[in-house]
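Visitor: Take a look at the following structure, please.
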Amino acid sequence: MAESSTGTTQEQSPSGLPIKPIPGNYGIPILSPIYDRLHYYYFQGHMGYFKSQAAKNNSTVVRMNMAPGMFISRNPRVIAVLDAKSFRVLFDPSKVEKKDVLIGTYMPSLSHYSGLRPLPNLDTTEQLHSSLKSFSFHLLASRKCHIIPTFHEAYSSLFDSVEAKIASGPVEFNSLNQSSAFDFTCNAFLGAVPSEVIGPSASNKAAIWLLLQFHPLASRLTKFIPWPIEDLLLHCVPLPPCLARSDYEALEKFFSKAGESLLEDAANKFGLSHHVALHNLIFMTSFNAYGGFRVFMPILLKWLAYAGEVLHRRLAQEIRSAVKSSNGTITLNALENMELTKSVVWEALRLDPPVENQFGHARTDLIIESHDTAFRVKKGEMICGYQPLAMRDEKVFTNAEEFVPDRFVGEGKKLLEYVYWSNGPETVVPTMGNKQCPGKDMVILVGRLFVAHIFLRYDTFSAVHDGMVLGLDPRMVFKSVEKASDQ
């Protein structure tokens, strides 16, 4: 206890911060969650909504409603943590439970996964969590040598298509990336290319399956549907999983055959049934990896385009020098020597993490601390962290709203402990006992590969950010490319 300026005693946290009630409220039942949902998707946008709640309550820990809200989610009431310090509570398995909170207050039907709860929906205390995460580590370790060549195969073809089309006008990147990202991910993990086995529609099948799970988070699908109608279609009632049944069956057949050796390992080394291993393999590859890369690549391209030619020339020089020192080939050693390139990837993830929100339920009554205040949270309350705001914390990052390409070069690497895109600090290693993304290092590797491939081919390029795709990832359009002068 400490004495306040008014002479009364004030309770303090163990670190000495004053404990205060969490500001904010949930408003009028039914009406307020709908009102807040409309602001989140249509009137303010995700960032604007969270910023307005923090500003209105003069706090980075706030009680508020979280979309999609009424009719489709279990309970829209959350405690938002919006600064770099309070956000870290979500990484402590002893304080938060992560059971069935992957998409927050909304839980997709288990029919999407053949009745199973996939790994991201399991809490660390569940026995199956350790077995499945061990299997995911095995998958990544056994296929790591295939990542560079399969990426080269898929994305060389993508940029060939860009060059072939750009003479006739602007070229949209996202549609090309959808197919390339799925081919790359499956080839890297399974040694099979789905567009060759299933056909050109392979990535569309995965995309439809993803959309039926994510639709409550999507918005502005097309300018031809007025937002009130779209809101009723996407945010009020779950779309039936049967709409993707034939698509998922095609994926199931492909993964069952292409992943045969991995599924045998799952049974022999980790004690997983064929059914559990197969549907988690589909989820890891199609949801976690492919779903992430189809969002992450446009994000990375957006910030590269924004930074402009000066950065492009610096990246080209670093990348070509490193590759030249590796006998003209992109290798892991060459990528490790690309310090600016790595920093650019981390900075893009800091500003625009592919997964914006993290969620968890308080395991027990606990205390959350922001930079200057502590707050009590009751057992069972849902905590929601909005990463793009937490990673723009001005008390941690200088010029936090700006894209600073070399922010994480040299001494700047100390700031990586506040880069949270992987459901954990960048300085922490994923383990069976935490919920951090097992593919964290792969994502950073693939990001560097993407930047390296661009600037081995081009001295510079021009692209524009033309709206959003499903309200989730930036629609990027190439305007021009300047072939590398030393080719």
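The values are calculated or read from the model by the stated rules, or taken from the named source; none is laboratory data. Just so you know, these numbers come straight off a predicted model, no measurement behind them. Note: ideal-geometry Cβ built from the backbone for every residue, glycine included; neighbour counts use all protein chains shown. Calculation scope for accessible area: heavy atoms of the full protein, side chains included, ligands and nucleic acids excluded. Shrake-Rupley method; radii C 1.70, N 1.55, O 1.52, S 1.80 Å.
Visitor: Could you give the nm distance between label points at Y26 and S161, where each point is 7 Å from its Cα heading toward the beta carbon?
Guide: 4.6 nm
Visitor: Which lysines have a Cα lying under 24 Å from the Cα of K223, excluding residues fewer than 8 positions away in the same chain?
Guide: Cα-Cα hits under 24 Å: K205, K302, K479.
Visitor: A follow-up question, please. If you roll a 1.4 Å probe over segment 84-147 with all protein chains in place, what percent of the accessible area is carbon or sulfur?
Guide: Values: 1260 of 2400 Å².
Reported share for carbon and sulfur atoms: 52 percent.
Visitor: Tell me, what % of the accessible area of segment 221-325 is carbon and sulfur with a 1.4 angstrom probe? Please list the in-between numbers first.
Guide: Working: 2940 of 5020 Å².
That share works out to 59 percent.
Visitor: Taking amide H positions as placed 1.01 Å from N in the peptide plane, with prolines and chain starts having none, which residues 5 or more places from Q10, or on another chain, fall under 5 Å of its amide H?
Guide: Counting only residues 5 or more places away or on other chains, the set is A2, E3, S4.
Visitor: Additional query: Which cross-chain or sequence-distant (5 or more) residues have an amide H under 5 Å from the amide H of L122, H modelled 1.01 Å from N in plane?
Guide: Excluding prolines and chain starts, which carry no amide H, the hits are D100.
Visitor: Let me ask something else. Kyte-Doolittle cut-off 1.0, length cut-off 20 Å along the helix's own axis using Cα: show which whole DSSP H helices in the chain pass.
Guide: Values: long enough: 127-143 (25 Å, 0.02); 147-166 (28 Å, 0.35); 173-190 (25 Å, 0.24); 291-307 (25 Å, 1.07); 309-324 (22 Å, -0.49); 440-457 (26 Å, 1.24).
Flagged H segments are 291-307, 440-457.
Visitor: Okay, moving on. With +1 on each Lys and Arg Cβ and -1 on each Asp and Glu Cβ, how big is the dipole of the chain about its Cα centre, in debye rounded to the nearest 20?
Guide: Working: 48 positive and 48 negative charges, 109 e Å.
The calculation lands at about 520 debye.
Visitor: Take every DSSP beta bridge whose two residues both sit in the chain, then give the antiparallel share in percent to the nearest 5.
Guide: If we restrict to bridges inside the chain, about 80 percent are antiparallel.
Visitor: Also, quick follow-up: With every protein chain left in place, what is the accessible area per residue of the chain in square angstrom, probe 1.4 Å? Before the final figure, lay out each step's value.
Guide: Values: 20440 Å² over 487 residues.
Ligands and nucleic acids excluded, the figure is 42 Å² per residue.
Visitor: Count the net charge of all other residues whose Cβ sits under 12 Å from the Cβ of L234, scoring Lys and Arg as +1 and Asp and Glu as -1.
Guide: Net charge in that neighbourhood comes out at 0.
Visitor: Putting +1 on Lys and Arg Cβ atoms and -1 on Asp and Glu Cβ atoms, find which of A390, W303, I72 reaches farthest to the positive end of the dipole of the chain.
Guide: The residue sitting most towards the positive pole is I72.
Visitor: How much length is gained if the chain between K413 and V428 is pulled fully straight, taking 0.36 nm per residue apart and subtracting their Cα-Cα distance, in nm to one decimal? Don't skip to the answer; put the middle values down first.
Guide: On the way: separation 15, 0.36 × 15 = 5.40 nm, distance 1.32 nm.
Answer, rounded to one decimal: 4.1 nm.
Visitor: So, one more: Modelled label-to-label distance, V310 and I19, 7 Å Cα→beta-carbon offset: nm?
Guide: For V310 paired with I19, the spin-label model returns 5.0 nm.
Visitor: Could you go through segment 400-410 in sequence order and give the Karplus-derived ³J(HN,Hα) for each residue, using 6.51 cos²θ - 1.76 cosθ + 1.60 with θ = phi - 60°, rounded to whole Hz, and x for Gly and Pro?
Guide: 4, 7, 9, 7, 10, x, 9, 4, 9, 8, x
Visitor: Just one of (i) 89, 55, 50; (ii) 81, 51, 46; (iii) 75, 50, 49 is Cα extents along the principal axes in Å as worked out from the coordinates here. Which one is it?
Guide: Matching the structure shown: (iii).
Visitor: Keeping all protein chains in the complex and leaving out DNA, RNA and ligands, what accessible area do you get for L445 with a 1.4 Å probe, in Å² to the nearest 10?
Guide: Using a 1.4 Å probe on the heavy atoms, I get roughly 20 Å².
Visitor: What FRET efficiency do you get for H39 and S201 if R0 is 22 Å and r is their Cβ-Cβ distance, rounded to the nearest 0.05? Mind dumping the intermediate values first?
Guide: On the way: r = 37 Å, r/R0 = 1.68.
The value I calculate is 0.05.
Visitor: Would you grab the residues whose amide H sits under 5 Å from the one on E97? Only those 5+ places off in sequence or on another chain, please, with H modelled 1.01 Å from N.
Guide: Correct list: H361, A362, R363.
Visitor: A follow-up question, please. Per-residue accessible area for F137 at 1.4 Å probe radius, Å² rounded to 10?
Guide: Looks like 60 Å² after rounding.
Visitor: So, one more: I need the calculated FRET efficiency for the pair K324 and S480, taking r as the beta carbon distance and R₀ as 30 Å, to the nearest 0.05. Provide the component values of the computation, followed by the final result.
Guide: Values: r = 26 Å, r/R0 = 0.87.
Efficiency for this residue pair is about 0.70.
Visitor: What does the accessible area of I166 come to, in Å² to the nearest 10, when a probe of 1.4 Å is used?
Guide: 30 Å²
Visitor: Below 13 angstrom from the Cβ of M66, what's the summed charge of the other residues (Lys, Arg +1; Asp, Glu -1)?
Guide: +1
Visitor: Here's another thing I want to ask about it. Students sometimes get this wrong: rank E318, E417 by accessible area, probe 1.4 Å, all chains present, largest first. Present the calculation step by step, with values, prior to reporting the outcome.
Guide: Working: E318 40, E417 65 Å².
Result of the area sort, largest leading: E417, E318.
Visitor: Working with all protein chains in place, sort S175, S86 by solvent-accessible area computed with a 1.4 Å probe, largest first.
Guide: Details: S175 70, S86 0 Å².
The ordering from most to least exposed comes out as S175, S86.
Visitor: In deg cm²/dmol, rounded to 500, what helix-only [θ] at 222 nm does the chain give when every DSSP H run of at least 4 residues adds -39500 (n - 2.57) and the total is split over its residues?
Guide: Working: 17 runs with 209 residues, N = 487.
For the chain, the value works out to -13500 deg cm²/dmol.
Visitor: In addition: Please list 3J(HN,Hα) in residue order for segment 359-371, calculated via the Karplus relation 6.51 cos²θ - 1.76 cosθ + 1.60 where θ = phi - 60°; whole Hz, with x for glycine and proline.
Guide: 9, x, 9, 4, 6, 9, 4, 8, 10, 9, 10, 8, 5
Visitor: Also, quick follow-up: Find out how many positive minus negative residues lie around L90, taking Lys and Arg as positive, Asp and Glu as negative, among other residues whose Cβ is under 14 Å from that of L90. Show your work: numbers first, answer last.
Guide: On the way: positive: K85, R88, K95, K98, K99, R363, K435; negative: D83, D92, E97, D123, E356, E369, E381.
Charge balance in the 14 Å sphere: 0.
Visitor: Turning to a different aspect of this structure: Using only the heavy atoms of the protein chains and a 1.4 Å probe, how would K51, K378, K257 rank by accessible area, largest first? Mind showing how you got there, number by number?
Guide: Numbers: K51 85, K378 140, K257 165 Å².
So the residues, ranked largest to smallest area, are K257, K378, K51.
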